[in-house]
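Undergrad: Structure provided below as structure tokens; questions to follow.
Derivation of every value follows stated rules applied to the coordinates shown; laboratory data play no part. Given the structure is predicted, the values throughout are model-derived calculations rather than measurements. We place every Cβ from the backbone using ideal geometry, glycine too, and count neighbours over all the protein chains shown.
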């Protein structure tokens, strides 16, 4: 079996793909997996769905969500500055003073989110994050018409940041929290010989997960692929293992393996499937950890309760600083997530 | 009469772990229906076929109860738990809790915590283990526990205990199936999962059944307790026909249908208008293409505590009303 492809995760994470504008990211994924699948298509919501057909009736569906934190342009001032509104659950303090890309996924332009110098801030401004109303993108075009030649109102934007390797097997980039699951899933697809497989598989790369809308695009994917025996959700979970948080309050710890959640904020996972996964992991000596605070809650809820419902489990990679320009992940946890996910394609 | 209800109350079934209560209900209802099956979410569905061309009638009662899930075991052997459903921490503090494997414990707030500051993070479960290692022999992360069940007779027809929410609804459906003389409609009795965490099981089960008419039954409130907000429904004056709650406005056809049948059968009823909160009814109404949905609420004092109190007279009326609905040909 091939080991986790960090180069591909790098490529995916650097690509432009804020909530609602995921086509560039999905294009890379489609190119990569197409030849290993029997069918790859986009559904009406924009989800990328790939299928490997089996001979038996047993179908396992894998899901991961690919959109990253970002913003969209809501107005352009006369002097060419772009006013923005945050997409999903981002935060303005993560954006102030950052380099960003703005565009539509086919062509993007560089800008910076303006931050006033610290010595010219009032006491209040020093201690409070800038509100989204006051944030703007500086592109140095000087004129509204010039900015409008690049993009219009409704253009998307996200961070611009480098991928780097850090000490202690850590990697850092924007969007790692949104793409680590997709990298796992692509590696998983490699491992299946479509000519020989008995079981059938679906792989759903879903969009607009950070919009916060219930019964969102992931629910549509679940409905579109129809009845499955099991859904395996691959994603990331923010750790609170930072200065001061210990024990239960840490939620999970980077470097100790992927997280198998019994429940999170929106989903109680299938107790039988979770138990079976933990037992298999222990037998195969794959490091894993548990969600100590039953925290988080992503697209699993929409999948578990989309249509007639499906038994659902979730494998998550712990991440530090999610939704920022500097998301950090420990490589050990990516490898653990891939090994755990592979337990579902090893046919007995 | 209380024997069946007692069986339902004592069977474990915290949201997400409803296996035990499902098997107890299955055994009870099986003789009265054509098939009983469980779906992917764990909903227990009992189906009694109707006459050819009959409309689909779905009854729903959630079988899950509020409780706790172990999320972390500390070095001293104390368990941190995540709440499952709407926990009243004041009502739950210093209670005995139990696990399905027989392990018992007590739910305690951290010392010197002002009751005003009660929140999930300050509570822990002491199972008497001397350290983490011993605790791990008895419980694992992800295990469910609940405040110990009980059911006691009070004066007259009143009973108190837990989880009356919503084993009393399950009891009404099981007794309706037994009391049903004719089944003209294509009838489904659905015992739903995960209602207490956000009406989750009702969503998938009603999607697959696609009923024409759907009726839930669940506990309601009672406007006769000291210092409560004004509320029409009281204990002992009959089952309550839901007009609205925080998550649904019932279809007028459903309300009229139940009212007319009650009048015909001389069953005392009250009408429930709940400002906040909701039941499976809201999901039934929006199932697949939508349906005509209504509900019967059992007047209940002290919901989500270990001393939920009801009047069995109200419950008997509910069973008769649902049984008469089974015999009424819907179109």
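Undergrad: Quick one: plug the Kirkwood hydrodynamic radius of chain B (C-alpha pairs) into Stokes-Einstein at 4 °C, 1.567 mPa s, and report D in µm²/s.
TA: Working: Rh = 20.2 Å.
Result for D is 64 µm²/s.
Undergrad: Pop a pseudo-label 7 angstrom from the Cα along the beta-carbon direction at both residue A:107 and residue A:227 and give the gap in nm to one decimal.
TA: 5.0
Undergrad: Next up: Using alpha-carbon pairs under 8 Å, 6+ residues apart, how would you state the relative contact order of segment B:68-130 in percent? Mind dumping the intermediate values first?
TA: Values: 99 pairs, mean separation 22.7, N = 63.
Normalised by residue count, the contact order of segment B:68-130 is 36 percent.
Undergrad: Rounded, prolate or oblate: which one fits segment B:158-203, using the alpha carbon gyration tensor with axes a ≥ b ≥ c (rounded when a/c is under 1.5, else prolate when a/b beats b/c, else oblate)? Can you show the working numbers first?
TA: Numbers: a/c = 4.71, a/b = 1.28, b/c = 3.69.
Since a/c reaches 1.5 but b/c is at least a/b, the shape of segment B:158-203 is classed as oblate.
Undergrad: Then there is this: Enter the per residue convex hull volume of chain A, computed from alpha-carbon coordinates, in Å³ rounded to the nearest integer. Don't skip to the end; give the middle numbers.
TA: Numbers: hull volume 48.8 nm³, N = 348.
Convex hull volume per residue, Cα atoms: 140 Å³.
Undergrad: Residue B:184 to residue A:45: FRET efficiency via 1/(1 + (r/R0)^6), r the Cβ-Cβ distance, R0 41 Å, to the nearest 0.05? Present the calculation step by step, with values, prior to reporting the outcome.
TA: Details: r = 41 Å, r/R0 = 1.01.
Efficiency computed from Cβ-Cβ geometry: 0.50.
Undergrad: Right, something else. With a cut-off of 8 Å between alpha carbons and a minimum separation of six or more residues, what is the relative contact order of chain A in percent? Intermediate results must be reported in sequence, preceding the final value.
TA: Numbers: 832 pairs, mean separation 81.2, N = 348.
Answer for chain A is 23 percent.
Undergrad: Oh, and also: Taking the DSSP beta bridges in chain B as the whole, what percent of them are antiparallel, to the nearest 5? List each step's numbers first, then the result.
TA: On the way: 41 of 65 bridges.
Looking only at bridges with both residues in chain B, the antiparallel portion is about 65 percent.
Undergrad: Continuing with this model, one more query. Just to be sure I understand: with springs between alpha-carbon atoms less than 10 Å apart, which residue in A:251, A:113, A:153 has the highest mean-square fluctuation in the Gaussian network model of chain A?
TA: Highest fluctuation among the options: A:153.
Undergrad: Same structure again: Which percent, nearest 5, of DSSP beta bridges in the protein assembly as shown are antiparallel? List each step's numbers first, then the result.
TA: Details: 82 of 130 bridges.
Beta bridges within the protein assembly as shown, antiparallel portion: roughly 65 percent.
Undergrad: Work out the FRET efficiency for residue B:131 and residue B:23 from their Cβ-Cβ distance, taking R0 = 30 Å, and round it to the nearest 0.05.
TA: Working: r = 35 Å, r/R0 = 1.17.
It comes to 0.30.
Undergrad: Taking chain A as a Gaussian network, where each spring joins two C-alpha atoms under 10 Å apart, which residue of A:244, A:307, A:191 fluctuates the most?
TA: Comparing A:244, A:307, A:191 in the GNM, the peak value goes to A:244.
Undergrad: Same structure again: Bins of 10 Å, beginning at zero and ending with the bin holding the largest distance: percent of Cα pairs per bin for segment A:306-348, please.
TA: 22, 35, 30, 12, 0
Undergrad: Tell me, how many Å apart are the Cα centres for segment A:155-175 and for segment A:304-348?
TA: Each part's Cα centre sits 19 Å from the other's.
Undergrad: Run the simple label-point estimate for residue B:119 and residue A:166 please: 7 Å along Cα→C-beta, distance reported in nm.
TA: 2.8
Undergrad: Which FRET efficiency, nearest 0.05, do residue B:88 and residue A:121 yield, Cβ-Cβ r, R0 45 Å? Could you put the intermediate results ahead of the total?
TA: Values: r = 45 Å, r/R0 = 1.01.
My answer for the efficiency is 0.50.
Undergrad: Gap in Å between the Cα centre of segment B:270-331 and the Cα centre of segment A:252-288?
TA: For segment A:252-288 versus segment B:270-331, the Cα centre distance is 38 Å.
Undergrad: Can you grab the distance from the C-alpha centre of segment A:76-110 to the C-alpha centre of segment A:1-57, Å, no decimals?
TA: 26
Undergrad: For segment A:223-333, what is Rg from Cα atoms divided by 2.2 N^0.38 Å, rounded to two decimals? Numbers along the way, then the final one.
TA: Details: Rg = 14.4 Å, N = 111, 2.2 N^0.38 = 13.2 Å.
It is 1.09.
Undergrad: So between residue A:242 and residue A:148, what do we pick up on full extension, going 0.36 nm a residue minus the alpha carbon distance?
TA: Working: separation 94, 0.36 × 94 = 33.84 nm, distance 4.24 nm.
Contour length minus Cα-Cα distance gives 29.6 nm.
Undergrad: With springs only between Cα atoms under 10 Å apart, run a GNM on chain B and tell me which of B:38, B:217, B:90 wobbles the most.
TA: Answer for the Gaussian network model of chain B: B:90.
Undergrad: How are the C-alpha pair distances of segment B:186-331 spread across 5 Å bins, as whole percents from the shortest bin up?
TA: Taking all Cα pairs of segment B:186-331, the binned fractions are 2, 10, 20, 22, 22, 15, 7, 2, 0 percent.
Undergrad: How big is the shadow of the Cα convex hull of segment A:94-229, averaged over all directions, in nm²? Don't skip to the answer; put the middle values down first.
TA: Details: hull surface 56.7 nm².
Mean shadow area of the hull around the Cα atoms is 14.2 nm².
Undergrad: Quick one: if you stick a label point 7 Å off each Cα along the C-beta vector at residue A:24 and residue A:249, how many nm between them?
TA: The two pseudo-label positions are separated by 4.0 nm.
Undergrad: If you don't mind, another one. Would you mind calculating the relative contact order of segment B:1-81 from Cα pairs under 8 angstrom and at least 6 residues apart, reporting the percent as a whole number?
TA: Relative contact order comes out at 25 percent.
Undergrad: Calculate the tail of P(r) for segment B:249-312: the fraction of all Cα-Cα distances greater than 19 Å, expressed in %.
TA: Numbers: 899 of 2016 pairs.
That tail contains 45 percent of the Cα-Cα pairs.
Undergrad: Over the protein assembly as shown, consider all pairs of different Cα atoms and compute the Kirkwood hydrodynamic radius from their mean reciprocal separation; express it in Å, one decimal. Working shown, then result.
TA: Details: mean 1/r = 0.0369 Å⁻¹.
It is 27.1 Å.
Undergrad: Sort B:64, A:5, A:215, B:152 so that the residue with the fewest other Cβ atoms within 10 Å of its own Cβ comes first and the one with the most comes last. Could you put the intermediate results ahead of the total?
TA: Working: B:64 30, A:5 18, A:215 14, B:152 11.
By the 10 Å Cβ count, ascending: B:152, A:215, A:5, B:64.
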